[in-house]
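K.L.:
Just passing along the structure, written as structure tokens.
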Amino acid sequence: ELKSKGVMRAYEGKLALNYNDYIRIVQSTIMLSADSRFLHLFLISCFQMIARSDTIGELRYDFLSMENDSILARIPKHKGDQTGEQIFPKHLYANPEEASSCFFVALGLHFFTNMSPANGRIFQTGVKNSISKPFQRVLKEISPFIEEFDPDDHGLHSLRKAAATYGSGFPGGPNQMSIFLRANWSIGQIKDRYINPSEGNDQYLGRILAGLDYNSTSFGSLPPHFGTPDEVMGNIVLHSHNYNEL
């Protein structure tokens with residue numbers, strides 16, 4: 001009744017972002033000042049892992065590893081699983097077509113432009129408390145370019161909602177269970193006891209959340225691969241036409 005009279009909002013919590021708005025936001029965060037530039041990697045991590053901001057704030061470099069064509073994020077616990085019994089690695093992929101939202105690029109920029117703590121953490125302790133102001137500033141900057149966009153209706157949790165919504169919006173795309181598993185949502189004892197994570201489903205979802213074109217051969221894009229120093233030098237010699245160039 002209060003909602004129908006306009007006394008209360010018609011919805012609760014923060015609204016989900018659509019994918020295009022998410023891209024606008026992460027593009028804007030690249031231009032932030034040095035003390036806020038960590039927001040770029042933070043927001044991409046929240047979206048692509050469908051994770052809570054508290055979880056992303058605790059990320060460490062030793063949680064990440066390279067396997068085949070993806071980065072695996074192994075987070076030891078989350079809000080609903082403090083013992084880590086239902087934890088499985090999340091696959092993160094490169095997007096050569098959209099560098100601004102590419103996890104590989106974001107991680108590289110962060111590594112080379114931010115002073116990382118000595119204890120192996122990716123973000124400084126208490127990073128969530130320092131995110132609010134720069135994030136709201138970005139939302140206000142992009143709001144004039146988006147129809148009916150109110151910065152106050154959106155927050156960090158909007159990214160989690162956006163990722164789950166985007167991942168489930170493709171006809172014949174990732175199944176709902178893979179989204180629940182990646183987001184670490186509980187749906188009762190049936191899932192916990194009988195449905196185990198499948199690498200194939202998470203890889204499929206990971207490519208979707210990386211923004212790779214679902215209807216193109218670029219959906220199978222690979223990240224940059226570098227050979228051994230000897231292989232690199234061999235290629236340089238092979239393609240050099242004179243001694244000075246070598």
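The values are calculated or read from the model by the stated rules, or taken from the named source; none is laboratory data. Keep in mind it's a predicted model, so treat the numbers as computed, not measured. Please note: Cβ atoms are built from the backbone with ideal geometry, for glycine as well, and neighbour counts cover all protein chains shown. Remember, those area values only see protein heavy atoms, side chains included, never the ligands or the DNA or RNA. Shrake-Rupley method; radii C 1.70, N 1.55, O 1.52, S 1.80 Å.
K.L.:
If I ask for residues that are open to solvent by less than 30 Å² (accessible area, probe 1.4 Å), over 20 Å from residue 35 (Cα atoms) and assigned to a helix (DSSP H, G or I), which ones from segment 98-137 would you list?
P.N.:
none
K.L.:
While we're here: Of the conditions (1) of a type outside the set (A, V, I, L, M, F, W, C); (2) at pLDDT 90 or above; (3) open to solvent by 70 Å² or more (accessible area, probe 1.4 Å); (4) touching an Asp or Glu at 6+ places or on another chain (Cβ under 8 Å), residue 211 clears all except one; give me its number.
P.N.:
All conditions pass for residue 211, except number (3).
K.L.:
I want to confirm something. Restricting to segment 138-162 and keeping residues that are in contact with a Leu (Cβ under 9 Å, 6 or more places away or on another chain), open to solvent by 30 Å² or more (accessible area, probe 1.4 Å) and in contact (Cβ under 8 Å) with a residue 12 or more places away in the chain, which single residue is nearest to residue 25 (Cα to Cα)?
P.N.:
Per the criteria, the residue is 156.
K.L.:
Can you tell me which of (1) assigned to a helix (DSSP H, G or I); (2) closer than 29 Å to residue 205 by Cβ is the one residue 155 doesn't meet?
P.N.:
Looking at each condition in turn, residue 155 falls short on (1).
K.L.:
Within segment 20-71, track down each residue that is among the hydroxyl-bearing types (Ser, Thr, Tyr) and either in a helix (DSSP H, G or I) or modelled with pLDDT under 90 (or both). Step through it out loud before you land on a result.
P.N.:
Residues of segment 20-71 among the hydroxyl-bearing types (Ser, Thr, Tyr): 22, 28-29, 33, 36, 45, 53, 55, 61, 65, 70.
Within segment 20-71, 22, 28, 29, 33, 36, 45, 53, 55, 61 meet the criteria.
K.L.:
Checking the structure you have, find out if any residue of segment 221-242 is under 28 Å from residue 166 (Cβ atoms), surrounded by 14 or more Cβ atoms within 10 Å (Cβ to Cβ) and modelled with pLDDT of 70 or more.
P.N.:
yes
K.L.:
Hey, does segment 164-172 have a residue that's in contact with an Asp or Glu (Cβ under 9 Å, 6 or more places away or on another chain) and not charged (D, E, K, R)?
P.N.:
Quick first cut of segment 164-172, residues in contact with an Asp or Glu (Cβ under 9 Å, 6 or more places away or on another chain) only: none.
No - not one qualifying residue is present in segment 164-172.
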